[in-house]
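**Q** Just dropping this structure here.
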């Protein structure tokens, strides 16, 4: 286990460099003191591994900065097309080791596996998503002026990518539902999965099945070994490893499968040199190797969940089994499922804000089915690739279709528990799990459990007497989520719906659930333009809504209450005063029906004007702590003369990619001259405002306030 302890300190070093905070520093120092107390001989190594983590993170950051700097100078780029979507490709240059998102204006006759050259302007990633993109080795995006196929690149890589996508296309062509599942299971390719089905897998806590996993690679490895059992040992192992390596390439080097491949490699090396192989050490070594190459992986959810689930199985399953002494059947299956669930539960609550109560029994139920489908799908797909005999794909497709229909049925009986996720909740849950599974041994465990449970309860449920307002990053649109001091919820607008992007589904509802809410007390619609109203039907159909308020006229027999100027909404001491409109206006050509709110909580005030034209509206209230700039920062809705009438310290802007020049450069220049801080959702991500009614804090997902 020594290597595992050192891994923890190494990851502390990486995290300290990327996310410097007193909390992390305190945690690292506490861990070092525990090492001094329990494992004195490890102290020097622990310090060295913290330093190694810091040095690794620093080195990678400089490499990334230099790579971006060099890419910015280019106009021509070349590489393989790794993945293809409706409006962009993912280009991979294996020689210079970079990936870029290729934005296309119109459809091109380009397919995955093609080696291409493109010309266009390089742009940085969205800043608040940088770390995630860097974890996938994606350094930016290029708007294409020209793209064409050329000869070049590694033939083997090109061939493997083409085989992958030709197979996926054939699977989908035969059976869309079953084919989408097989493509996800074998290759981690989920683009053909309909969004409703994806949502069901997520809600049930089994979305890991839709990502190619180390479990799948293990099955493939065992299958190849069984097929080649009459071959000499070294030849059999070598061929099995080569097959697995090919599958790693086919799965686009997803962290979970890379982790499994490294562990397999270490296992086989140990057997060859006749040394004992310790799985937890192999797992720790895999984590160190992967993060030495790319320390940004600590921001990759797949990496985090894969390692935590595997660590849970290796460390906790035996302890869980000891606690299940009375269980006579399926003890191993139950122990493994419970161990994986417990080891990932705190992370899932932190990331999503909920978990399904049927996740454990469901995983026990489906594990043998997934085992059979994986073996059958791999074997039949492999022989199909060799022979092109289409009928070989029928058995796994039929079984996969049945499985997806089974999940559709089980989803009707699902029940989720919603908890507000936080770092404190994550730490306390892990300590509770460790205490009760005898990982941490204390004499007075009952008292420790009681104290920790009280801390957990307070962290999740106790009101903090603060008002939270989140300007959600929904792209070119608007949606604001308000949490009152006693945890009542108000949602203002539902963001846009454009093509296959629905902000309510992709951004808003996941955020609300992550905050621990399973219903919305008040849903307010400022006006019915798509960028504010596009996700209304999705929100209304996928989460309980107590009451809907608007100044507009809603159709389809929807129950709602009209609000106009002079009305006041009060929830937990939070006031929403409606300043406009006086009544419903039929034309609504210039956002005449857009609601304007004056939000007041004790001494704190904020103006929420949606898309209203402040230049044309008389407002008696001009002093605010924060103003949301109207109409995504349009100068046409808040000219400089109008801005001069208002006194405010901070501005927030909900904006995304657009062709309207939002936000206005003139308005931004004005804010800079007046030394008014401003935050933009396109640069800062979600913008969270927290106030006790006197002081307030503004924080974005990425804190590059201007």
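The values are calculated or read from the model by the stated rules, or taken from the named source; none is laboratory data. The structure displayed is predicted, hence computed values, not measured ones. Neighbour counts are summed over all protein chains in view; Cβ atoms, including those assigned to glycine, are modelled from backbone coordinates with ideal geometry.
**Q** From the list 433, 451, which residue is assigned to a helix (DSSP H, G or I), over 30 Å from the mean Cα position of the chain (by Cα), closer than 30 Å to residue 487 by Cα and at pLDDT 90 or above?
**A** Going through 433, 451 in turn, the sole match is 451.
Every residue, every condition in (1) over 13 Å from residue 686 (Cα atoms); (2) in the same structural domain as residue 605 (by TED's automatic domain parsing); (3) in contact with a helix residue (DSSP H, G or I) (Cβ under 8 Å, 6 or more places away or on another chain); (4) in contact (Cβ under 8 Å) with a residue 12 or more places away in the chain, yes or no:
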site: 449; (1), (2), (3), (4): yes, no, yes, yes
site: 453; (1), (2), (3), (4): yes, no, yes, yes
site: 456; (1), (2), (3), (4): yes, no, yes, yes
site: 459; (1), (2), (3), (4): yes, no, yes, yes
site: 474; (1), (2), (3), (4): no, yes, yes, yes
site: 479; (1), (2), (3), (4): no, yes, yes, yes
site: 489; (1), (2), (3), (4): yes, yes, yes, yes
site: 493; (1), (2), (3), (4): yes, yes, yes, yes
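Every residue, every condition in (1) part of a loop (DSSP other than H, G, I, E, B); (2) at pLDDT 90 or above, yes or no:
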position: 586; (1), (2): yes, no
position: 605; (1), (2): no, yes
position: 612; (1), (2): yes, yes
position: 641; (1), (2): no, yes
position: 655; (1), (2): yes, yes
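**Q** Report whether or not residue 440 is part of a helix (DSSP H, G or I) and over 21 Å from the mean Cα position of the chain (by Cα).
**A** When the stated conditions are applied, residue 440 does not pass them.
**Q** Now for a separate question. Output the helices (runs of 4 or more DSSP H) that fall wholly within region 469-562 and possess 2 or more residues being surrounded by fewer than 24 Cβ atoms within 10 Å (Cβ to Cβ) and more than 20 Å from the chain's Cα centre (by Cα), or say none.
**A** 530-533, 536-542
**Q** Follow-up. Those residues that are crowded, with 18+ Cβ neighbours inside 10 Å and either in contact with a helix residue (DSSP H, G or I) (Cβ under 8 Å, 6 or more places away or on another chain) or not assigned by TED's automatic domain parsing to the domain that holds residue 130 (or both), I need them from region 83-95; list them, please.
**A** Within region 83-95, just 84 meets the criteria.
**Q** Could you identify the single residue in 337, 367, 343 that is modelled with pLDDT under 90, assigned to a helix (DSSP H, G or I) and surrounded by 21 or more Cβ atoms within 10 Å (Cβ to Cβ)?
**A** Values: 367 fails: surrounded by 21 or more Cβ atoms within 10 Å (Cβ to Cβ); 343 fails: modelled with pLDDT under 90.
After ruling out the rest, the residue left standing is 337.
**Q** For the structure I just gave you, tell me whether residue 669 is more than 24 Å from residue 496 (Cα to Cα), surrounded by fewer than 20 Cβ atoms within 10 Å (Cβ to Cβ) and without any contact (Cβ under 8 Å) to a residue 24 or more places away in the chain.
**A** So residue 669 fits the description; yes.
**Q** Here is a further query. Would you please name the residue that is nearest to residue 658 (Cα to Cα), looking only at residues in region 681-706 that are modelled with pLDDT of 95 or more and part of a strand (DSSP E or B)?
**A** Among those residues, the one meeting the criterion is 687.
**Q** Considering each residue of region 96-108, count those that are farther than 17 Å from residue 140 by Cβ and touching a residue at least 12 places away in the same chain (Cβ under 8 Å), and give that number.
**A** The total comes to 2.
**Q** Condition first: more than 22 Å from the chain's Cα centre (by Cα) and within 25 Å of residue 408 (Cα to Cα). Now tell me which residues in region 337-362 satisfy that.
**A** Across region 337-362, the qualifying residues are 337, 338, 358, 360, 361, 362.
**Q** Being surrounded by fewer than 18 Cβ atoms within 10 Å (Cβ to Cβ) and either in contact (Cβ under 8 Å) with a residue 40 or more places away in the chain or on the phi > 0 side of the Ramachandran plot (or both): is that true of residue 603 here? Spell out the reasoning first.
**A** Numbers: surrounded by fewer than 18 Cβ atoms within 10 Å (Cβ to Cβ): yes; either in contact (Cβ under 8 Å) with a residue 40 or more places away in the chain or on the phi > 0 side of the Ramachandran plot (or both): yes.
Yes.
**Q** State whether one or more residues within region 248-259 are under 24 Å from the mean Cα position of the chain (by Cα), assigned by TED's automatic domain parsing to the domain that holds residue 212 and surrounded by fewer than 16 Cβ atoms within 10 Å (Cβ to Cβ).
**A** Within region 248-259 (the criterion being under 24 Å from the mean Cα position of the chain (by Cα), assigned by TED's automatic domain parsing to the domain that holds residue 212 and surrounded by fewer than 16 Cβ atoms within 10 Å (Cβ to Cβ)), the answer is yes, since at least one residue qualifies.
**Q** Let me confirm something: among 222, 217, 171, which residue is closer than 27 Å to residue 365 by Cβ, at pLDDT 90 or above and part of a helix (DSSP H, G or I)?
**A** Checking each option against the conditions leaves just 171.
**Q** Restricting attention to region 457-466, does a residue exist that is surrounded by 14 or more Cβ atoms within 10 Å (Cβ to Cβ) and in a helix (DSSP H, G or I)?
**A** yes
**Q** Could you pull out the residue among 288, 313, 329 that is assigned to a helix (DSSP H, G or I) and either in the same structural domain as residue 217 (by TED's automatic domain parsing) or surrounded by fewer than 17 Cβ atoms within 10 Å (Cβ to Cβ) (or both)?
**A** Of the residues listed, the single one that is assigned to a helix (DSSP H, G or I) and either in the same structural domain as residue 217 (by TED's automatic domain parsing) or surrounded by fewer than 17 Cβ atoms within 10 Å (Cβ to Cβ) (or both) is 288.
**Q** May I ask you to list the residues in region 221-243 that are surrounded by fewer than 21 Cβ atoms within 10 Å (Cβ to Cβ), closer than 24 Å to residue 182 by Cα and touching a residue at least 24 places away in the same chain (Cβ under 8 Å)?
**A** 223, 241
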